[in-house]
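Visitor: First, the structure itself, so that you have it in front of you.
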Amino acid sequence: MQWPRNGTLNHDIITPMMHYLQDNGKWEEIPYLDLFYYLGRRTDWQKECGIMVLTVANEKCRGCENRDQKADYLVKYKDPEEDVSLLVSPSAPPPETASEEEGAEGGETKEKGDGKSKRHTPISKRTRGHLVSKKGGREGGTHVMAPLREAVGPQGDRVMVKVPFSPNDLMIWKQSAGSYREDPDRTARVVKMVIKTQNPDWNDLQVLLDTLMDSTEKEMVLRAMTEKAREMIRLRVADGTLNELVPREDPEWDPNTARGHQALKEYQELLIEGVRTGIPKTVNWSKLYSVKQEKNESPSAFLERLKETARRYTSLEVEGEAGRLQLALIFMGQSQEDIRKKLQKLEGEDTRNLEKLLEVAWKVYNNREKESVRKQQASMLAVLQQAVGRVKKPNGKYRLVQDLRAMNEITKDIHPVVANPYTLLTSVSEKFEWFTVINLKDAFFCIPLALESRKYFAFEWENPDTGRRRQLTWSRLPQGFKNSPTIFGNQLARELEEWKTTQVTVPSMFYVVLQYVDDIFLAATERDICSQLTISLLNMLGQGGYRVSRDKAQLALLREQDDIELKITPHLNPAEFLRSDREEGELVHDCVEIIEQVYASREDLKDAPIDSPDWELFTDGSSFVENGTRYAGYAVVTTLQVIEAKALPPGTSAQKVEIRALTRALELSKGKRVNVWTDSKYAFGVVHVHGALWKERGLLTSQGSTIKHRDEILLLLEAVRKPEAVAVMHVPGHQKEDGKIYQGNRLADKTAKRVAKEIKIQSALIPAKGNPADSYMKDEPPYLPDDVKLAHLVKAQKNDKGWYVTATGQVVVPAKIMRAILETEHYKCHWGAEALVKFLKNEVISNQMLTMAKRVNATCPTCVKNNPLVRKQVQMGGLKVGPQPGDYWQIDFSELPKAQGNKYLLVYVCTFSGWPEAFPCRTNQAKEVVKTLLKEIIPRFGIPLGMSSDRGPHFVAGIIQGVAKALGIRWDLHTPWRPQSSGQVERMNQTLKNQLKKICQEAKVQWPQALPIALLRIRIKPRERIGVSPYEVLYGKAYHAATYQGDPHLTGDQVLLNYVLSLNKTLAAVRGALQWNHPLPLENPVHDISPGDHV
């Protein structure tokens, strides 16, 4: 006998199975059968347990024949007054009209088929089997058609019944799914969970979609399902038509048949895919790179956050090979610092294996707590190993001292409440004329130490006679422990309070007792009371284990000297001579008023609005950082219009902007009565209190340095006196309340933020190769006599438009136009005056060209801000220079602000050509030098003959010197503390930083992105001594911009031949000029002075 998989309520099966279990002694399984036995007999239990059991009668019984041989569907747990249709709601359409259900007499209907009359109960009338047979479908046999929960059938078999979603279920799923547009993957997971656990049919799925999303989102999901179904049909993955796979109306699938069950499953899978891909994904890779591991976040949780962000904002397949590789790199770079350092030590395939990275990260994460425990144990061990020293007292004795600094670091502070001694003494009334002062001896040693705390104060002691070392511990409160004074003071205070309440009988009005750590002060009104209380106090201290030092006892007497007599001197007071002849009346003096007049920026300045003002102004300043640039601007407005709003130079601080805004408001109000509101507490405090006070003190801080924004504060103090009457008020910023004041503040804030970004931005790219005068040559040139003289001097001829052009193609440009050309070209590259003139002289020529270029350079805000003031120094001996390009390099690390994970810049400079190479690096370690040398320098320029650097650890490391020795590279180290030894690379560092600053400020990019443009500018810039650029030295030709098209008259091999011949001649000339212009090397003397000569 076999027990059904889902159980059964059939007694014909349960009874034999019960006997079988009893005969074989399987008593532990009998309670399981008892459950089905009683459930079959107690129909009310079935309903309470949520079990729906349908009894299907296929055979005609005697009662059925009496009722026209109808098939009787009975529901076992149905109560007489309940409607069974309310318990099981089928997904089929509602029943037809009552006249069609019940018939004319007793509800009979005539069905086509076998010609027999059939009566149906309400359930049978509304089953899909009845509807299908009515439409001409299958006929015969009895089918249970109520999807879609599994239930126990009449014979113990599995049938599907429909249990509709409850409103609570739908509400919970709606909350779990959230907004479909914001997080489609989250909604897709909820839909997948509902389909897996609830197995809904077509109608229930429509209800679910209507609950989780609106009509537009539902249509997007259905459209995605249709596209997926069309792809499946094209690939022959699914059978059927598009309407069969994704029906828009109820297809009335029968889940109790194989075909209906398969169709429903396919629709459910298509629905999950449609919900997942219905909303187009917005690709934003920056979201993925902004995910950082939190301090206490586990590696697995961090990885899941990365995957979730990748699914939501990128097109990355996180489970694919490429996706796992990308996630591995991001996981390694954006983990916590301790985990990242460990992961960066991995090599080879381990750096691309996500499982290996996660395993290592978990080890570091789990060892954090162990590391903290080890540190604490090390601190405790350091405490236990401290030796005890001795300090000599003034009386010749010694005090034992233990270094308890390690113990103090791991111990919590006990904050004492100790009054100032002067405050304590001022509380003593003048009626107390007799005093006693008691100083306790070795006060801390009077307090015993708890047994469980003694081990923490252990120390080593060496016997001076035997030299044997022992470990001892304190049994009393030790000296040097930071909480010893507090513990002792609290204990003594408790015992003194107990003594006053239990042993002292004198009223408290006749004495007072004060305590300051280990000093006790007793004062009384009479001598007898003071003596009595002193004796009682000493006895109490002795009984409590305290000791009083006799050596510290002091006796003070007021000695009356007989030879001293106090008299009034007959001399006049010099102040008597300053008396006025007028009668002295009552003096009226208000200190607050005098202070306000002396220390106010203006005597009548108010902090409350004045009556009948001419203007009511609102000021605000804005300073914020965007893309690495700090923008700043201010605004002065009324409630209806903007009076003045301007942008300030980038980098201006918020305090400076607020001061500037208030100053301009006061300057614009000259001669008027004005009320000014500002939301800056700093500006409000400066104009009312601090400004005049700082001015009185010379605008200096307490350390003697100048205060911040000194010039702006002086302008503000001058501007506040310009209005006829003025009141400056503070208003809370960023308020949403109504009212004139808040509206004006909001307008000022909005205007200041808007104008802050309205600054002129010059595009920082590269100088274009072409004639810069082309745009001006459309009009007739305004030549002056000096320009004509220059044209005759260079033998220039006029063209058809009246412009002088030399035989080499140089255009003679008037001075007025030349100034505009120099400004335009300078703002493209920010070169120096001489380099810019040399660059432009191939195309244009003008009078005083160099002088105008220097003036343009001196008035450029970006150059003035970044270029240092350089003065020419005495010519020194030259550095070592290679004989050919790439033969000798100078190398150095330069530190920059961290950007894109890079904090250092490794710079190479070819000493022969001046060609720079620079590589962003995460660290300044030796491995970075080896990597760039082997992967960049040697493959492109060959193995150098020599290199030079400073003596940093990244250059003197063993691996660097080993590589240099193996490759035959001579590595020279510069003189310590002498930057001039590496002057060429140091100068290149400075030039690179200046170019990077300018490009970053103007193009709004980070320095690793600006590095290629900065290198290009330097490579094509003509060098001062030789007049050619590093680019020309290496390639033998001038740099051409993107607009250069070449010579159209040369074709074929002739082009290559001419280029090779020209290259040979150019390189020979350029390199010859370089060798003649190199300074003397350091090995050769540059003077005739020898060591020991008198100079």
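The values are calculated or read from the model by the stated rules, or taken from the named source; none is laboratory data. Remember, predicted model here, so these are calculated numbers, not experimental data. Glycine gets a Cβ as well: all are built from the backbone with ideal geometry, and neighbour counts include every protein chain shown.
Visitor: Please count how many residues of the stretch 288-310 are touching a residue at least 60 places away in the same chain (Cβ under 8 Å) and surrounded by fewer than 19 Cβ atoms within 10 Å (Cβ to Cβ).
Guide: The total comes to 3.
Listed here are the residues, each with its yes/no results for (1) of a type in the set (Gly, Ala, Ser); (2) in a loop (DSSP other than H, G, I, E, B).
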{"site": "GLY809", "(1), (2)": "yes, yes"}
{"site": "LYS816", "(1), (2)": "no, no"}
{"site": "ILE821", "(1), (2)": "no, no"}
{"site": "GLU825", "(1), (2)": "no, no"}
{"site": "TRP831", "(1), (2)": "no, yes"}
{"site": "GLU834", "(1), (2)": "no, no"}
{"site": "PHE839", "(1), (2)": "no, no"}
{"site": "LEU850", "(1), (2)": "no, no"}
{"site": "ASN857", "(1), (2)": "no, no"}
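Visitor: With the structure loaded, tell me whether GLU724 is surrounded by fewer than 17 Cβ atoms within 10 Å (Cβ to Cβ), among the acidic types (Asp, Glu), in contact with a strand residue (DSSP E or B) (Cβ under 9 Å, 6 or more places away or on another chain) and on the phi < 0 side of the Ramachandran plot or whether it fails that test.
Guide: yes
Visitor: Within the stretch 816-833, which residues are farther than 14 Å from ASN857 by Cβ and among the charged types (D, E, K, R)?
Guide: Correct list: LYS816 only.
Visitor: If SER612 satisfies all but one of (1) in contact with a helix residue (DSSP H, G or I) (Cβ under 8 Å, 6 or more places away or on another chain); (2) in a loop (DSSP other than H, G, I, E, B); (3) not hydrophobic (A, V, I, L, M, F, W, C), what's the number of the condition it fails?
Guide: (1)
Visitor: Sort through ARG550, ARG476, ARG470 and tell me the only one that's within 26 Å of LYS393 (Cβ to Cβ) and not assigned by TED's automatic domain parsing to the domain that holds ILE410.
Guide: So the residue among ARG550, ARG476, ARG470 that is within 26 Å of LYS393 (Cβ to Cβ) and not assigned by TED's automatic domain parsing to the domain that holds ILE410 is ARG550.
Visitor: Here's a follow-up. Among GLY691, GLY671, GLY633, which is the only one that is surrounded by 22 or more Cβ atoms within 10 Å (Cβ to Cβ) and either modelled with pLDDT of 90 or more or among the charged types (D, E, K, R) (or both)?
Guide: GLY633
Visitor: All but one of (1) within 45 Å of the chain's Cα centre (by Cα); (2) surrounded by 15 or more Cβ atoms within 10 Å (Cβ to Cβ); (3) of a type in the set (Asp, Glu); (4) within 20 Å of PHE165 (Cα to Cα) hold for ASP254, so report the exception by its number.
Guide: (1)
Visitor: If you don't mind, another one. Name the single residue that is farthest from VAL676 (Cα to Cα) among those in the stretch 623-655 being charged (D, E, K, R) and in contact with a Gly (Cβ under 8 Å, 6 or more places away or on another chain).
Guide: Once the filter is applied, the top-ranked residue is ARG630.
Visitor: May I ask you to list the residues in the stretch 890-909 that are aromatic (Phe, Trp, Tyr) and under 30 Å from the mean Cα position of the chain (by Cα)?
Guide: PHE893, TYR904
Visitor: Sticking with this structure for a sec: Looking at the stretch 813-830, which of its residues are hydrophobic (A, V, I, L, M, F, W, C) and either modelled with pLDDT under 85 or over 12 Å from LEU840 (Cα atoms) (or both)?
Guide: ALA815, ILE817, ALA820, CYS829
Visitor: Have a look at LEU967, LEU945, LEU933 and point out the one that is at pLDDT 90 or above and under 38 Å from the mean Cα position of the chain (by Cα).
Guide: Exactly one of LEU967, LEU945, LEU933 is at pLDDT 90 or above and under 38 Å from the mean Cα position of the chain (by Cα), namely LEU933.
Visitor: Return the pairs, sorted by first residue and then second, in which the second residue is among the acidic types (Asp, Glu), the first residue lies in the stretch 811-827 and is over 11 Å from MET852 (Cβ atoms), the beta carbons are less than 6 Å apart, and the residues are 6+ apart or on different chains.
Guide: PRO814/ASP787
Visitor: Sticking with this one: Looking at the stretch 660-673, which of its residues are under 10 Å from ASP620 (Cα atoms) and of a type outside the set (A, V, I, L, M)?
Guide: If the condition is that a residue be under 10 Å from ASP620 (Cα atoms) and of a type outside the set (A, V, I, L, M), then ARG660 is the only one that fits.
Visitor: Which one of these is among the β-branched types (Val, Ile, Thr), under 19 Å from the mean Cα position of the chain (by Cα) and more than 23 Å from ASN284 (Cβ to Cβ): ILE330, ILE339?
Guide: One residue alone meets the criteria, ILE339.
Visitor: Another question, then. I'd like the residue in the stretch 674-720 that is over 20 Å from SER622 (Cβ atoms) and either assigned to a strand (DSSP E or B) or among the polar types (S, T, N, Q) (or both) and, out of all such residues, is farthest from the chain's Cα centre (by Cα).
Guide: Across the stretch 674-720, the extreme among qualifying residues is VAL674.
Visitor: While we're looking at this one, here's another question. Tell me, which residue of the stretch 1018-1072 that is among the β-branched types (Val, Ile, Thr) and part of a helix (DSSP H, G or I) is modelled with the highest pLDDT?
Guide: Looking at the filtered set, the residue picked out is ILE1018.
Visitor: Determine which single condition GLN326 fails, assuming it passes every other condition in (1) polar (S, T, N, Q); (2) surrounded by fewer than 16 Cβ atoms within 10 Å (Cβ to Cβ); (3) at pLDDT 80 or above.
Guide: Single failed check for GLN326: (2).
Visitor: Also, quick follow-up: Could you pull out the residue among ALA263, ALA361 that is surrounded by 15 or more Cβ atoms within 10 Å (Cβ to Cβ), in contact with a Phe, Trp or Tyr (Cβ under 9 Å, 6 or more places away or on another chain) and within 30 Å of MET225 (Cβ to Cβ)?
Guide: ALA263
Visitor: Any residue in the stretch 301-312 that is in contact with a helix residue (DSSP H, G or I) (Cβ under 7 Å, 6 or more places away or on another chain) and among the hydroxyl-bearing types (Ser, Thr, Tyr)?
Guide: Within the stretch 301-312, one or more residues are in contact with a helix residue (DSSP H, G or I) (Cβ under 7 Å, 6 or more places away or on another chain) and among the hydroxyl-bearing types (Ser, Thr, Tyr).
Visitor: Going by the conditions given, is VAL364 more than 13 Å from PHE302 (Cβ to Cβ), modelled with pLDDT of 85 or more and of a type in the set (Val, Ile, Thr)?
Guide: It is false that VAL364 is more than 13 Å from PHE302 (Cβ to Cβ), modelled with pLDDT of 85 or more and of a type in the set (Val, Ile, Thr).
Visitor: Now for a separate question. Got a sec? Which helices (runs of 4 or more DSSP H) wholly within the stretch 421-527 have at least 2 residues that are under 18 Å from LEU541 (Cβ atoms) and modelled with pLDDT of 85 or more?
Guide: Correct list: 484-502.
Visitor: I need the helices (runs of 4 or more DSSP H) fully contained in the stretch 274-359, keeping only those with at least 3 residues that are among the basic types (Lys, Arg) and within 30 Å of MET232 (Cβ to Cβ).
Guide: 299-313
Visitor: Please specify each residue of the stretch 881-935 satisfying the condition of being without any contact (Cβ under 8 Å) to a residue 24 or more places away in the chain and under 21 Å from GLY1027 (Cα atoms).
Guide: None - no residue of the stretch 881-935 is without any contact (Cβ under 8 Å) to a residue 24 or more places away in the chain and under 21 Å from GLY1027 (Cα atoms), so the list stays empty.
Visitor: Follow-up. Return the pairs, sorted by first residue and then second, in which the second residue is not in a helix (DSSP H, G or I), the first residue lies in the stretch 350-369 and is assigned by TED's automatic domain parsing to the domain that holds GLN326, the beta carbons are less than 8 Å apart, and the residues are 6+ apart or on different chains.
Guide: From residues that are assigned by TED's automatic domain parsing to the domain that holds GLN326, the pairs are LYS356/LEU346; LEU357/LEU346; VAL360/LEU346; ALA361/SER335; TRP362/SER298; TYR365/SER298.
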